[in-house]
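All of the numbers you see were taken from the coordinates with simple rules; none came from a lab. All values reported here derive from a predicted model rather than from experimental measurement. Glycine also receives a Cβ, built like all others from the backbone with ideal geometry; neighbour counts cover every protein chain displayed.
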Amino acid sequence: MNDATIEVSGLRKRFGPTVALDGMTFTVAPGTVTGFVGPNGAGKSTTIRVILGLDAPDEGHALVGGKPYGQLSHPLRHVGALVDAAALQPGRTGRNHLLWLAHSQGMAAGRVDAAIGRVGLAGAARRKAGGYSLGMRQRLGIAAAMLGDPPVIIMDEPFNGMDPEGIIWLRGLLRSLAAEGRAVLVSSHLMGELQDIADRVVVVGRGRVLADAGVDELVTRASRDQVRLRTSAPADAATALGRAAATATVTDAHTVTVLGVAAQGVVEILNGAGVPFSEVTAHRATLEDVYLQLTSGETEYQAASNREARR
Ligand SMILES: Nc1ncnc2c1ncn2[C@@H]1O[C@H](COP(=O)(O)OP(=O)(O)OP(=O)(O)O)[C@@H](O)[C@H]1O
């Protein structure tokens with residue numbers, strides 16, 4: 001799938017005094033799920049709207065398969081997008097909504113039933129969409145995104161409103177869409193979900209990229225050799241580790257947290273000093289930890305600017 005690349009380069013956009021995008025730059029490669037995360041107001045939706053040609057940037061460009069969205073001859077066959085699951089006619093059945101979309105893009109009606117089947121809506125497709133739950137609307141929106149069998153899929157907060165079974169289903173779907181060679185860009189606040197399904201994560205704040213890396217790399221970086229140690233002699237352990245240039249903090253009567261020495265090194269230092277211990281565990285950060293570390297400055301900035309605004 002040669003068309004399956006999203007390229008966002010140097011996007012800048014203001015809404016009056018608000019800087020929504022401030023040099024946003026990243027690429028989504030074919031065959032990968034890329035998570036797009038950041039605090040409220042970080043610029044995720046605006047970026048997605050620019051990629052889809054719904055907003056024009058003041059500077060920079062967004063390309064899909066090398067072209068701006070507006071120059072794609074059959075957009076739904078290049079890019080499938082879930083942006084606003086509520087945007088449908090409530091009086092129309094789910095199936096008719098999809099038929100109408102397929103017709104507008106010159107697609108065969110057979111695509112509609114294939115998409116309905118893939119999102120698990122066969123039982124509800126002939127009911128009016130106005131009566132759908134948010135999770136069912138999301139499924140309908142996802143079916144619409146897949147209608148044209150596009151090489152690029154973009155979903156803004158697709159987990160919203162999904163029940164646990166829906167979340168598991170969607171995780172599997174996103175993985176299989178990437179395994180088919182598509183570029184999949186997913187914005188979400190649910191970092192735990194992204195940890196299991198994303199290959200890469202683009203973390204954004206204040207309209208620009210704070211981190212763009214593989215999930216494993218980010219988690220390893222955030223774990224920073226932190227080791228947790230259970231011992232009946234925490235003070236002795238902290239002294240021995242401190243002598244070996246580790247930063248050891250006694251966290252409770254039986255626990256010491258160690259920074260700067262890997263688990264194997266901690267074991268060797270304690271054995272050498274004759275300090276007893278019952279457990280040494282390497283701490284593995286979660287994607288949530290990574291996110292909080294990267295965006296903590298951003299949150300403070302927002303809190304400060306909100307205070308400014310209230311003055
Ligand atoms: N149409 C608009 N008019 C004015 N300001 C806007 C408009 N759209 C977005 N903004 C502002 O631009 C900034 C970026 O908003 P955007 O919706 O892209 O962020 P987001 O990361 O998607 O946030 P959220 O997670 O809350 O959806 C925010 O400060 C927002 O208030």
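With all projection directions averaged, the alpha carbon convex hull of segment 128-179 covers 3.8 nm². The listed peptides 286-295, 271-280, ordered by packing as a protection proxy, come out as 286-295, 271-280 (highest mean of other Cβ atoms within 10 Å first). Taking 0.36 nm per residue of separation and subtracting the Cα-Cα distance, full extension of the segment from residue 264 to residue 165 would add 31.6 nm. Karplus-derived 3J(HN,Hα) values for segment 120-134, using 6.51 cos²θ - 1.76 cosθ + 1.60 with θ = phi - 60°, are x, 9, 3, x, 10, 5, 9, 9, 5, 5, x, x, 6, 6, 4 Hz; glycine and proline are entered as x. Relative to the longest principal axis of the Cα atoms of the chain, the long axis of helix 263-273 makes an angle of roughly 10 degrees.
Between residue 179 and residue 196, what is the label-point separation in nm under the 7 Å Cα-to-beta-carbon projection? Going from the residue 196 label point to the residue 179 one covers 1.5 nm. Extension gain for the segment residue 243 to residue 92, taken as residue separation times 0.36 nm less the Cα-Cα distance, is 47.1 nm to one decimal.
Treating r as the C-beta distance of residue 279 and residue 14 and R0 as 41 Å, the FRET efficiency rounds to 0.15. Build a GNM of the chain with springs between Cα atoms under 10 Å apart, and of 13, 44, 128 the one that fluctuates most is 128.
Cα convex hull, segment 225-282: 58 Å³ per residue, rounded to a whole number. Scalar couplings 3J(HN,Hα) for segment 108-118, obtained by applying the Karplus form with A = 6.51, B = -1.76, C = 1.60 to θ = phi - 60°, are 5, 4, x, 4, 5, 5, 4, 5, 4, x, 5 Hz; x denotes Gly and Pro. Using only alpha-carbon positions in the chain, the gyration tensor eigenvalues give semi-axes of 45, 23, 18 Å once each is multiplied by 5 and square-rooted (largest first). Computed from the C-beta positions of residue 251 and residue 271 and an R0 of 25 Å, the FRET efficiency is 0.70 to the nearest 0.05. When only alpha carbons are used to place a centre, segment 239-290 and segment 85-149 end up 54 Å from one another. Bridges between two residues of segment 6-213, per DSSP, are antiparallel at a rate of about 55%. Residues considered: 124, 248, 285. Largest GNM mean-square fluctuation over the chain, using C-alpha springs under 10 Å, is found at 248.
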